[in-house]
Amino acid sequence: MKEFVHLPVMLDEVLSIMDPAAGHRYVDGTVGGGGHSAEILRRIRPHGWLLGCDHDAAALAAAHDHLKAIADCFELRQGSFAEVLRDEPTGSMDGALVDLGVSSHQIDTPERGFSFQSDGPLDMRMDPRQGATAADLLATLDEQELASIFWRLGGERHSRKIARAICEVRVNRPFSRTVQLAELIARVAPNPRQKIHPATRVFQALRMAVNREVENIEAGLSQLWRILRRGGKLAVITFHSVEVQLVRRFYQPLEKAYIVDGPVDRPEFRREAPSRLRRVTRRAVVPGEAECRRNPRARSAQLRVFEKLETAMDMVQDTAKT
Ligand SMILES: C[S@@+](CC[C@H](N)C(=O)[O-])C[C@H]1O[C@@H](n2cnc3c(N)ncnc32)[C@H](O)[C@@H]1O
């Protein structure tokens, strides 16, 4: 098997803000090869506990080898962190981390089909055991559905033109290879003035659709928040604007909470309520120049950390329990 290579992004920043300590319980929702998890494990061992999830069995195998060399107080589970954490008790974790998107190992393994730079089958499933591949979507969705995916999940300005071209070409020649799709996009929607490859946005959009990333991130962030204890911290690393939007949709209602004092939820009936979340990082933290030079894939990364606050309502409930 190809060696698993992935440099953890903003590792120093994650550790200094999250400050994992001996005995803490942590969850890494996107454990990958275990880059972040290994350093968390070093700090929480021997009485702490780390739970790592990933869609990808190859990532979990690499993470297992990496973590085993440090301590054995961890468990790895395959699946989306939205699903895998369902049975974890509420308020049971001191800290949580998600480092969204794909790993370098996935991009650099052509057979996985994530890269438009090296030829491979149009697969893109993070968990190759289940679900439709990118080739399946390109063969079965209609022109409007494809254009909508390219626009919503990739922000591709030429979404309609590209979707039309795909539908015209697939009649005679179904899409099965990454380079076949990348070449078509470069032909119908070249972008000589931009630094990124013309296929970048469509590949991002297809990958998100194949792996149901919007649904998984939405449900997964709520799940991580539920299992975090009050005072615990959640760190989220994003790589593009669609992920950032999803993170904002998650934290804004918790930060600016309100109570409805009327028959319907309208602005005039809203009364301010105590925040349930504090933004530990007021602005997103970005990698320094040295890291971007060492690891160009870190360039677009943004780190946000949120603390789960104790509200007056929680304190009343706790007193009632005792
Ligand atoms: C950027 S990598 C994480 C790298 C890891 N932090 C490290 O330092 O080695 C993202 C990983 O998350 C996984 N992934 C993405 N979305 C996921 C989800 N909703 N549930 C579980 N795993 C997911 C991918 O398969 C990939 O292995």
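The values are calculated or read from the model by the stated rules, or taken from the named source; none is laboratory data. Predicted model, so just to flag it, every value in this text is computed and none were measured. Note that we place each Cβ from the backbone using ideal geometry, even for glycine, and neighbour counts take in every protein chain shown.
Kindly indicate which of Leu50, Leu76 is surrounded by 23 or more Cβ atoms within 10 Å (Cβ to Cβ) and not hydroxyl-bearing (Ser, Thr, Tyr).
Leu50
Looking at this structure, is Gly52 under 28 Å from Arg230 (Cα atoms), assigned to a loop (DSSP other than H, G, I, E, B), within 14 Å of the ligand (Cβ to nearest atom) and in the same structural domain as Leu15 (by TED's automatic domain parsing)?
no
Working only within segment 138-157, note down all residues that are touching a residue at least 40 places away in the same chain (Cβ under 8 Å) and either among the polar types (S, T, N, Q) or on the phi > 0 side of the Ramachandran plot (or both).
Within segment 138-157, Gly155 is the sole residue that qualifies.
Out of segment 1-39, which residues are within 10 Å of the ligand (Cβ to nearest atom) and assigned to a helix (DSSP H, G or I)?
Leu11, Val14, Gly35, His36, Ser37, Ala38, Glu39
Among the strands (runs of 3 or more DSSP E) confined wholly to segment 198-302, which include 3 or more residues that are within 13 Å of the ligand (Cβ to nearest atom) and under 15 Å from the mean Cα position of the chain (by Cα)?
It comes to 228-238.
Say we look at segment 90-108 and pick out the residues that are of a type in the set (Val, Ile, Thr) and within 17 Å of Leu206 (Cα to Cα); which of these is surrounded by the fewest Cβ atoms within 10 Å (Cβ to Cβ)?
Ile107
Quick check: is even one residue across segment 154-170 closer than 22 Å to Ser80 by Cβ, modelled with pLDDT of 95 or more and either assigned to a helix (DSSP H, G or I) or aliphatic (A, V, I, L, M) (or both)?
Yes, because at least one residue in segment 154-170 is closer than 22 Å to Ser80 by Cβ, modelled with pLDDT of 95 or more and either assigned to a helix (DSSP H, G or I) or aliphatic (A, V, I, L, M) (or both).
Just wondering, is there one or more residues in segment 189-212 that are more than 26 Å from Ala298 (Cβ to Cβ), hydrophobic (A, V, I, L, M, F, W, C) and not assigned by TED's automatic domain parsing to the domain that holds Ala301?
Yes; the residues of segment 189-212 include at least one that is more than 26 Å from Ala298 (Cβ to Cβ), hydrophobic (A, V, I, L, M, F, W, C) and not assigned by TED's automatic domain parsing to the domain that holds Ala301.
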